[in-house]
Amino acid sequence: MRKKLVVGNWKMHGNRSANAALLAGLKEAGPWNADVAVCVPFPYIAETALALTGQAIAFGAQDCSAQEQGAFTGEVSSAMLADLGCRYVIVGHSERRAYHHESDQLVADKAKAALAHGVTPIVCVGETLAEREAGQTELVVKRQLAAVIHTLTHCIGEIVLAYEPVWAIGTGLTASPEQAQAVHAVLRKQLQAATQKADAMRILYGGSVKPDNAAQLFACADIDGGLIGGAALKAADFSVICRAAS
Ligand code: PGA
């Protein structure tokens, strides 16, 4: 039985006082019978770590460099994330693939860098609306995952995978449980061909997960939790989603 994982992706939202209130609300609402984490903007990681001391809520970042260290202005290494105590780092989010032109290979290299420092990469894959309408959903997500499998080889079992259809992110258009489960099953099968650990790996769904649709999604056989954007910014909403995963 896989324990569910719910991860809040704060994206570029928040400030010190709003974050403190959000984290206080989560502390009050928890604990849950699921693994829970928040992935916060870089400048707030240290303060989040402090606020969550002694709590069952993990924390992480939303990106990392594929490089180890050096002259890469503006980049943040996975060694730095590990130094701050991050458990997770999101890599390959569709917003980074789209706005920063991150390739499948770069995403795979970032995942490798994170693992090298003991930070679990949450690797995002997902198709655009045009790709879905062209019947390319499977092709796209399998291509994105294949780059990661090829790069990580025997370590692939250490990642968390997240299926996030681009057309469902921040749009209020959630994939139906059937649509999501179908893609999760494809991804699980691809992982099974690569590692004996596939059945223990967590595949999260992300894209307009809300308090009122979380339970249905999490009830699907291959959906092991969620990557939550908008609804992670309100303690009350996020805690309902965490409870749905419990
Ligand atoms: P959303 O974002 O829940 O606001 O759709 C999810 C994500 O981008 O991870």
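Bear in mind that the values in this text are calculations on the coordinates, not laboratory data. Predicted, not measured: the structure shown is a model, and the values here were computed from it. Here the Cβ is made from the backbone with ideal geometry for all residues, glycine too, and neighbour counts use every protein chain on show.
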Give the value in nm², to one decimal: projected area of the alpha carbon convex hull of the chain, averaged over all directions. 12.1
Amide H proximity to G229 below 5 Å, modelled H, separation 5+ or other chain, gives N9, G207, S208, V209
Given the C-alpha centroids of the stretch 28-47 and the stretch 135-153, what is the distance between them in whole angstrom? 29
Straight distance only, please: which lysines reach the Cα of K27 with their own Cα at less than 16 Å, same-chain residues fewer than 8 apart left out? K234
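Just order 238-245, 137-144 by mean Cβ neighbour count inside 10 Å, highest at the front, would you?
Answer by packing, highest mean first, reads 238-245, 137-144.
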So what's the back-of-envelope 222 nm ellipticity for the chain, counting only DSSP H runs of four-plus at -39500 (n - 2.57) apiece and dividing by all residues, rounded to 500? -11500 deg cm²/dmol
Theoretical FRET efficiency, 1/(1+(r/R0)^6), r = Cβ-Cβ of T153 and F42, R0 35 Å, to 0.05: 0.75
Structure shown: which of K3/K189; K142/K210; K189/K210 lie over 21 Å apart, alpha-carbon to alpha-carbon? K142/K210; K189/K210
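Give, in nm to one decimal, the length gained when the segment between K197 and K3 is fully stretched (0.36 nm per residue of separation minus the Cα-Cα distance).
68.4 nm
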³J(HN,Hα) across the stretch 94-111 via Karplus (A = 6.51, B = -1.76, C = 1.60, θ = phi - 60°), whole Hz, x for Gly/Pro? 4, 5, 6, 4, 7, 8, 10, 6, 6, 7, 4, 5, 4, 4, 5, 5, 5, 4
In nm, spacing of pseudo-spin labels at A18 and Q67 (7 Å Cα→C-beta vector): 3.1
Simple spin-label estimate for A221/Q105, 7 Å along Cα→Cβ, in nm, reads 3.7
Could you derive backbone 3J(HN,Hα) for the stretch 174-188 from the dihedral phi with the Karplus parameters 6.51, -1.76 and 1.60 (θ = phi - 60°), listing whole Hz in sequence and x where the residue is Gly or Pro? 7, 5, 5, x, 5, 4, 5, 4, 4, 6, 4, 5, 4, 5, 4
Suppose R0 equals 35 Å; then what is the FRET efficiency for S176 and K234 from their Cβ-Cβ distance, rounded to the nearest 0.05? 0.90
